[in-house]
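Down below is the structure, laid out as C-alpha cells.
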Amino acid sequence: MTGTINLKLDINGRSRELAVEPRVTLLDALREHLDLTGTKKGCDQGQCGACTVHVDGKRVLACLTLAAQVEGRAITTIEGLADGDGGLHPVQSAFLEHDAFQCGYCTPGQIMSAVACIREGHTKSDNEIREYMSGNLCRCGAYSHIVAAVREAAEAAS
Amino acid sequence: MKNFSYLRAHSADEARKAAALAGNMVLAGGTTLLDLAKCGIAEPDTVVDITHLAGLDGIEVDETQASIGALARMSAVADHPAIQKAFPAVAESLALAASAQIRNMATIGGNLLQRTRCSYFRDAAVFPACNKRHPGSGCSALGGVTRNHAVLGTSDACIAGYPGDLAVALVAFDAIVHLGERQVAVDDFFQLPGNTPDREHAFERGEIITAVTIPASAAARRSTYIKVRDRQSYEFAAASAAVGLELEADGTTVRDIRIALGGVATKPWRARTVEAALIGKVLEPELVRKASLLVMEGAIDHGANHYKIDLAPRVITRAVLKMGGLA
Ligand SMILES: Cc1cc2nc3c(=O)[nH]c(=O)nc-3n(C[C@H](O)[C@H](O)[C@H](O)COP(=O)(O)OP(=O)(O)OC[C@H]3O[C@@H](n4cnc5c(N)ncnc54)[C@H](O)[C@@H]3O)c2cc1C
Ligand code: SF4
Ligand code: FES
Ligand code: FES
C-alpha cells in the first residue's frame, strides 16, 4: 500500500535525491541511503542526542524526524559543519584541544548541539552550558572537558 | 516499526478530514508518535503531517491572555519574553522539560497529548496486558515496578502517571484548549482513567488542537514551576508543582493562589483543597507545610512510589514559600 516515495533533501547545501519508505527517519536516510555516517545512532528513541543535526539552523534529533517531513528544509550534519576548505569548525577545534571525548561516539552529536547552544546564547555560565547540553549523553563521561570546550568556543565566538 | 504512508496536510480542513479516518494519525513534532511507533504501540496507516500548516505557530500575549498556536515549538514558547514575564511558570515548565533538541521539535499541541511513560505500556511484546492499550486485558504494572506510577487519580484499571510538565502549569491557570471552534477547559480536557484508561482526552478522532489560551492574572504573573527528578536534567518529574500567588496590599495575606502538581497523578492535578486552605490566610511556613499535605488525601501508593506521597507536598511548600518570598 505504501511502497517508496521520492524525496529531494537539502543536505549541507547540496540537493540529494532518494527513494525511501515513508517511515524512514532522517537518521536512517543519512546513514543508510546517503552514506553520511557522521551522524550517529545511539538509542534511536530520542534519549541520547547522538543523532543531533540542524534543520533550518535549529538542533533537532534525526532519529525522531521523518525524512519526508524535512523535504524543503535546510539540513546540516557534522559533515557540513566546516566551511569546506579542509579546516575545522571552531567548535570541532575546541573539542580536540580540550580532549572533549574518549570513544568519540557521542561527539558528532555533542558538536552539533554545542554549535547551536552557542548560537542560542545559552552559554552564560557552566551551569547553563550543562543544562542546555543535557540532551547529549556521553557514556564515557567526558562531560567536564565538553563543558570546557563549549565554554572556550563560546568565548571565542563572542 | 510498521510501514505507513505519509501525507503532508496543506490546510487545517484537509488535516481534519484525513485525521478522521480510522488508522490515520496526526504527526506534529513526532517526538511522541515516532517513539511509540518504534515501540510498536502506535501503528498508523497514514501519518498526517501538520507541521507545514501556516498560521498555527503564533504566540500572542496581551493584558487579558496568552494565545499560543498548537504548532508553536516548546522552545519558542519557553524563550518568549512576554510569556516569561506574564506566565513564568509556563515558560519554566517548558524550559525544564526534555532537552533543547526535543524542545525545538515538539509542538504545544503534541505536548499536551504525550502518552504515559509507564514502562509496561511501552513494552507490548513482553507485557501484553495493559488496559490503556487493550481495554480489558489487565494491568501489568499492578504488582510490578511502580516507582514512576501515579498515587493520585488512579483506578483499579490503570495507575499510569501523566508525564508532561506544561499541562501542569496550564491547569493551574485555567487554560483553554481550542479544537477549532470548540473550546475545552484544560482540566476537563484530561480525563481520569476510571474504567476507560484508553480514553485520555475529551476530544474526538478528526479534531485538531489549534491553540491554547491562558487567561492573564496576577497569580500567573507571580508564578514558578519547580521540578524534582532522579537526575538534574533531561528527565521526567518525580514530582513537580506549578504555583502562582497574589498577595493583598499588606504583602503577606493570600488573595489568590493556584497550585497544580505533576509527576504524581494520572492527569495534571489541580490542588484545590490546598488553595482553599491558604486563601485569606497570612503566609507562614508552618501553615503552608500543613496545607500542602491536604493534596494527598485519598492518595493510593503501590509500594515503590510511596515516596511521592511525602515528596509532592514538600515541592508545593517550596514553591509557595519561594513565591511568598519566604524561602
Ligand atoms: C527522551 C524524551 C524526554 C522527554 N522529557 C519530557 C519532559 O521532561 N517533560 C515533558 O513535558 N515532556 C517530555 N517529553 C515529551 C515531549 O515533550 C513530547 O513528546 C512532545 O511534547 C510531543 O509533541 P510533538 O509535537 O512531538 O508530538 P507528536 O509526537 O507529533 O504527537 C503526539 C500525539 O499528539 C497528536 N497530535 C499532535 N499535534 C496535534 C494537534 N495539533 N491536534 C491533534 N492531535 C495532535 C499526534 O497524533 C500524537 O498522537 C520527552 C520526550 C522524549 C522523547
Ligand atoms: S498502569 Fe495503565 S498504562 Fe501501565 S500497564 Fe497498567 S493499564 Fe497499562
Ligand atoms: S539516536 Fe537519536 S537521540 Fe539517541
Ligand atoms: S566520548 Fe564515548 S560516549 Fe562520549
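The values are calculated or read from the model by the stated rules, or taken from the named source; none is laboratory data. Predicted, not measured: the structure shown is a model, and the values here were computed from it. With ideal geometry, Cβ positions are generated from the backbone for all residues, glycine too; neighbour counts draw on all protein chains shown. Ligands, DNA and RNA are stripped out before the accessible areas are found, and what is left, the full protein with its side chains, is counted by its heavy atoms. Shrake-Rupley method; radii C 1.70, N 1.55, O 1.52, S 1.80 Å.
Indicate, rounded to the nearest 5 percent, the antiparallel portion of the DSSP beta bridges found entirely in the protein assembly as shown. Provide the component values of the computation, followed by the final result.
Values: 49 of 60 bridges.
Of the beta bridges lying entirely in the protein assembly as shown, close to 80 percent run antiparallel.
Could you sort the peptides A:152-158, B:14-20, B:95-101 by per-residue average Cβ neighbour count (10 Å cutoff), highest mean leading?
B:95-101, B:14-20, A:152-158
Ignoring ligands, DNA and RNA, how much accessible area is buried between chains B and A, both sides summed, with a 1.4 Å probe, to the nearest 100 Å²?
Working: alone 14290 and 8500 Å², together 19990 Å².
By this definition, chains B and A bury close to 2800 Å².
Determine, from the Cβ-Cβ distance of A:Cys43 and A:Asn127 and an R0 of 25 Å, the FRET efficiency 1/(1 + (r/R0)^6), rounded to the nearest 0.05. Write down the numbers at each step before the final one.
Numbers: r = 25 Å, r/R0 = 1.01.
For A:Cys43 and A:Asn127, the calculated efficiency is 0.50.
Kindly report, to the nearest 10 Å², the accessible surface of B:Tyr225 as traced by a 1.4 Å probe over protein heavy atoms only.
Here the accessible area works out near 10 Å².
Sorted by accessible area (1.4 Å probe), largest first, how do A:Arg14, B:Arg258, B:Arg103 line up?
Details: A:Arg14 145, B:Arg258 35, B:Arg103 10 Å².
Ranking A:Arg14, B:Arg258, B:Arg103 by accessible area, largest first, yields A:Arg14, B:Arg258, B:Arg103.
How large, in percent, is the carbon and sulfur part of the accessible surface of segment B:5-49 at a probe radius of 1.4 Å? Kindly include the intermediate steps, with their values, before the conclusion.
Numbers: 940 of 1730 Å².
On segment B:5-49, the fraction of accessible area on carbon and sulfur atoms equals 54 percent.
Can you list the residues in segment A:1-33 whose accessible area drops by at least 30 Å² when all protein chains are present, compared with the chain alone? Use a 1.4 Å probe, heavy atoms only.
Buried by the other chains: A:Met1, A:Thr2, A:Pro22, A:Arg23.
Roll a 1.4 Å probe over the protein chains and send me the accessible area per residue for segment A:90-157 in Å². Intermediate values should be presented prior to the final figure.
On the way: 3190 Å² over 68 residues.
On a per-residue basis, segment A:90-157 sits at 47 Å².
Give, in nm to one decimal, the length gained when the segment between B:Glu204 and B:Cys39 is fully stretched (0.36 nm per residue of separation minus the Cα-Cα distance).
Numbers: separation 165, 0.36 × 165 = 59.40 nm, distance 2.41 nm.
Computed gain between B:Glu204 and B:Cys39 is 57.0 nm.
For B:His134 and B:Asp188, compute 0.36 nm times the residue count separating them, minus their Cα-Cα distance, and round to one decimal in nm.
Details: separation 54, 0.36 × 54 = 19.44 nm, distance 2.35 nm.
Full extension from B:His134 to B:Asp188 adds 17.1 nm.
With n ≥ 4 as the cut-off for DSSP H runs, can you work out [θ] at 222 nm for chain B, using -39500 (n - 2.57) per run divided by the number of residues, rounded to the nearest 500? Don't skip to the answer; put the middle values down first.
Numbers: 13 runs with 93 residues, N = 327.
Rounded to the nearest 500, it is -7000 deg cm²/dmol.
What FRET efficiency comes out for the pair B:Ile279/A:Asp83, r = Cβ-Cβ distance, R0 = 45 Å, nearest 0.05? Don't skip to the answer; put the middle values down first.
On the way: r = 61 Å, r/R0 = 1.35.
Once rounded, the FRET efficiency stands at 0.15.
D for the protein assembly as shown, whole µm²/s, Stokes-Einstein with Kirkwood Rh over alpha-carbon pairs at 20 °C and 1.002 mPa s: what number? It would help to have the intermediate numbers written out before the result.
On the way: Rh = 23.4 Å.
In µm²/s, the coefficient rounds to 91.
Per DSSP H run of at least 4 residues, take -39500 (n - 2.57); add these up for chain A, divide by its residues and hand me the 222 nm value, nearest 500 deg cm²/dmol. Don't jump to the answer; show the numbers that get you there.
Numbers: 4 runs with 44 residues, N = 158.
Only helices count here, giving -8500 deg cm²/dmol.
Output the residues of segment A:119-158 meeting this criterion: accessible area (heavy atoms, 1.4 Å probe) in the chain alone minus accessible area with all protein chains in place is 40 Å² or greater.
Buried by the other chains: A:Glu131, A:Tyr132, A:Ser134, A:Gly135.
Could you check the simple spin-label distance between B:Asp13 and B:Asp230, using points 7 Å along Cα→Cβ, in nm with one decimal?
Inter-label distance under the simple model: 4.9 nm.
For B:Lys17, which lysines qualify as cross-link partners when the Cα separation must be under 25 Å and same-chain residues fewer than eight apart are set aside?
Within reach: B:Lys2.
Shape verdict for segment B:176-241, please, from the Cα gyration tensor: rounded (a/c under 1.5), prolate (a/b greater than b/c) or oblate.
Oblate, because a/c is 1.5 or more while a/b does not exceed b/c.
What is the sum of charges around A:Val55, taking Lys and Arg as +1, Asp and Glu as -1, for the other residues whose C-beta is under 13 Å from the C-beta of A:Val55?
+1
Evaluate E = 1/(1 + (r/R0)^6) for B:Glu248 and B:Glu60, where r is the Cβ-Cβ distance and R0 equals 25 Å; express this FRET efficiency to the nearest 0.05.
Numbers: r = 31 Å, r/R0 = 1.23.
According to the calculation, E is roughly 0.20.
Describe numerically, in nm with one decimal, the distance between label points set 7 Å from Cα along Cα→Cβ at B:Val145 and at B:Arg221.
With each label placed 7 Å out from Cα toward Cβ, I get 4.7 nm.
Which value, in Å² rounded to 10, gives the accessible area of A:Glu17 with a 1.4 Å probe and all protein chains present?
Looks like 140 Å² after rounding.
Excluding A:Glu120 itself, calculate the net charge of residues whose Cβ lies under 15 Å from the Cβ of A:Glu120, where each Lys or Arg counts +1 and each Asp or Glu counts -1. Don't skip to the answer; put the middle values down first.
Details: positive: A:Lys58, A:Arg59, A:Arg119, A:Lys124, A:Arg130, A:Arg151, B:Arg73, B:Arg103; negative: A:Asp56, A:Glu128, A:Glu131, B:Asp79.
Combined, the nearby Lys, Arg, Asp and Glu give +4.
Calculate one ³J(HN,Hα) per residue across segment A:61-70 by plugging θ = phi - 60° into the Karplus curve 6.51 cos²θ - 1.76 cosθ + 1.60, and present them in order as whole Hz with x for glycine and proline.
9, 6, 6, 10, 10, 6, 4, 4, 5, 9
If one computes the Cα centroid of segment B:83-149 and of segment B:266-327, what distance in Å separates the two points?
22
Could you grab the relative contact order for chain A? Cα pairs under 8 Å, six or more apart, rounded to a whole percent.
Values: 273 pairs, mean separation 35.5, N = 158.
RCO, chain A: 22 percent.
Under a plain spin-label model, where a point goes 7 Å from the Cα along Cα-to-Cβ, how far apart in nm are B:Glu286 and A:Lys8?
Between B:Glu286 and A:Lys8, the label points sit 7.5 nm apart.
Express in Å², to the nearest 10, the accessible area of B:Arg115 obtained by rolling a 1.4 Å probe over the protein heavy atoms while all chains stay in place.
Approximately 70 Å² of B:Arg115 is accessible to the 1.4 Å probe.
Pull out the extension gain between B:Asn3 and B:His52, defined as 0.36 nm times the separation in residues minus the alpha carbon to alpha carbon distance; nm, one decimal.
Net length gain for the segment: 15.5 nm.
Could you tell me which GluC sites (Glu not before Pro) in segment B:55-103 are loop residues by DSSP with no more than 16 other beta carbons within 10 angstrom of their beta carbon?
Numbers: sites: B:Glu60, B:Glu63, B:Glu92; in loops: B:Glu63.
Here the GluC sites (Glu not before Pro) that fit, given the DSSP loop and packing criteria, are B:Glu63.
Of B:Lys2, B:Lys227, A:Lys58, which has the most accessible area with a 1.4 Å probe, and how do the rest follow in descending order?
On the way: B:Lys2 80, B:Lys227 25, A:Lys58 115 Å².
I get A:Lys58, B:Lys2, B:Lys227, largest accessible area first.
Just give the residues from segment A:48-89 buried by at least 20 square angstrom of accessible area in the all-chains context relative to the isolated chain, probe 1.4 Å, and say none if nothing qualifies.
Relative to the lone chain, where solvent access is computed with a 1.4 Å probe, segment A:48-89 loses at least 20 Å² at A:Lys58, A:Arg59, A:Val60, A:Leu61, A:Leu64, A:Leu66, A:Ala68, A:Gln69, A:Glu71, A:Arg73.
How much of the accessible area of segment A:5-80, probe 1.4 Å, is carbon plus sulfur, in whole percent? Don't skip to the end; give the middle numbers.
Working: 1100 of 2870 Å².
Accessible surface attributable to carbon and sulfur in segment A:5-80 totals 38 percent.
Can you work out the base-10 log of I(q)/I(0) for segment B:16-147 at q = 0.21 1/Å, using the Debye formula on its C-alpha atoms alone?
Results for segment B:16-147 at q = 0.21 Å⁻¹ read -1.18.
Largest first and to the nearest Å, give the Cα extent of segment B:241-292 along each principal axis.
Projected onto its principal axes, the Cα set of segment B:241-292 covers 38, 19, 14 Å.
Calculate, for chain B, the solvent-accessible area per residue in square angstrom, rolling a 1.4 angstrom probe over the heavy atoms of the protein chains. Intermediate results must be reported in sequence, preceding the final value.
Numbers: 12840 Å² over 327 residues.
Heavy-atom SASA per residue in chain B reads 39 Å².
May I ask for the net charge around B:Asp57, where only other residues with Cβ less than 15 Å from the Cβ of B:Asp57 are counted and Lys, Arg are +1 while Asp, Glu are -1? Display every interim value, and only then the final one.
Details: positive: A:Lys58, A:Arg73, B:Arg73, B:Arg103; negative: A:Asp56, B:Asp49, B:Glu60, B:Asp79.
Result for the local shell: 0.
For chain B, count the residues as N, evaluate 2.2 N^0.38 Å, and divide the Cα radius of gyration by that value, please. Can you show the working numbers first?
Working: Rg = 19.5 Å, N = 327, 2.2 N^0.38 = 19.9 Å.
My calculation over the Cα atoms of chain B gives 0.98.
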